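Working notes for the structure below.
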Amino acid sequence: MAMAEVHVIGQIMGATGFSESSLLCKWGVHTGAAWKLLSGVREGQTQVDTPQIGDMAYWSHPIDLHFATKGLQGWPRLHLQVWSQDSFGRCQLAGYGFCHVPSSPGTHQLDCPTWRPLGSWREQLARAFVGGGPQLLHGDAIYSGADRYRLHTTSGGTVHLELSLLLRHFDRYGVEC
């Protein structure tokens, strides 16, 4: 059966505002049950970049996703995890974030704010001296607000994305946007 299609083409440009350096971004896309990934990969990871001038870490990591859908429910969301890497190659969480993929065709500049769990004062002290720190047990808490309101968090930096959308056959299959 033919369905309406969404093609997302773009890049995770980079990040600013993080106190840590040597940053990388792990990303994934989450959709509802009515969505089928026709081509592209559902998750990935950027390279590590250490800002040389200013505080922008540049990744220019490509995103190319092609979906078919029967409806608008479960529109794609990008979930992001920014990590910092120390000189020994150890990674420490710098922030979680998510953003909805825009629903209108064209090119969009997105700024995705991030946050991380704060933890107890002991965990904060340990993070400052030996690294590590609290992380989420279940990644879906990044974009579902049900449990997130109970967490003590601190803001991180901002991840910058550029996404272009192509919509196909939405009118033909009765999907209105």
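No other residue among THR46, THR16 is of a type in the set (Ser, Thr, Tyr) and either closer than 30 Å to PHE170 by Cβ or touching a Phe, Trp or Tyr at 6+ places or on another chain (Cβ under 7 Å) (or both) apart from THR46.
Of everything listed in (1) closer than 19 Å to LEU80 by Cα; (2) in contact with a His (Cβ under 7 Å, 6 or more places away or on another chain); (3) aliphatic (A, V, I, L, M), the single unmet condition for ALA4 is (1). The lone criterion from (1) among the polar types (S, T, N, Q); (2) out of contact with any helix residue (DSSP H, G or I) (no Cβ under 9 Å at 6 or more places or on another chain); (3) open to solvent by 30 Å² or more (accessible area, probe 1.4 Å); (4) farther than 18 Å from LEU167 by Cβ left unmet by SER22 is number (3). Within the range 66-95, being surrounded by 16 or more Cβ atoms within 10 Å (Cβ to Cβ), free of Cβ contacts under 8 Å to residues at least 60 places away in the same chain and aromatic (Phe, Trp, Tyr) holds for one residue alone: TRP75. Taking the criterion of being in a strand (DSSP E or B), within 14 Å of the chain's Cα centre (by Cα) and within 21 Å of LEU166 (Cβ to Cβ), the residues of the range 82-108 that qualify are CYS99, HIS100. Given the conditions (1) without any contact (Cβ under 8 Å) to a residue 40 or more places away in the chain; (2) farther than 18 Å from HIS160 by Cβ; (3) among the acidic types (Asp, Glu), report the number of the one that ASP49 does not fulfil. Condition (2) is where ASP49 drops out. Where strands (runs of 3 or more DSSP E) sit wholly within the range 29-74, those with at least 3 residues that are within 17 Å of THR158 (Cα to Cα) occupy 57-69.
Condition check ((1) more than 25 Å from GLU20 (Cβ to Cβ); (2) at pLDDT 90 or above) across all residues:
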position: ALA68; (1), (2): yes, yes
position: SER87; (1), (2): no, no
position: PRO117; (1), (2): no, no
position: ARG127; (1), (2): no, no
position: GLY132; (1), (2): no, no
position: THR158; (1), (2): no, yes
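Just one of the numbered conditions (1) within 18 Å of GLY97 (Cα to Cα); (2) open to solvent by 40 Å² or more (accessible area, probe 1.4 Å) is not true of LEU38: (1).
Residue selection: TYR149 fails the criterion of being modelled with pLDDT of 60 or more and open to solvent by 80 Å² or more (accessible area, probe 1.4 Å).
The values are calculated or read from the model by the stated rules, or taken from the named source; none is laboratory data. Computed from a prediction, not measured in an experiment: that's the story for all the values here. Every residue, glycine among them, receives a Cβ derived from its backbone with ideal geometry; neighbour counts consider all protein chains shown. Ligands, DNA and RNA are excluded from the accessible area calculation, which covers all protein heavy atoms including side chains. Shrake-Rupley method; radii C 1.70, N 1.55, O 1.52, S 1.80 Å.
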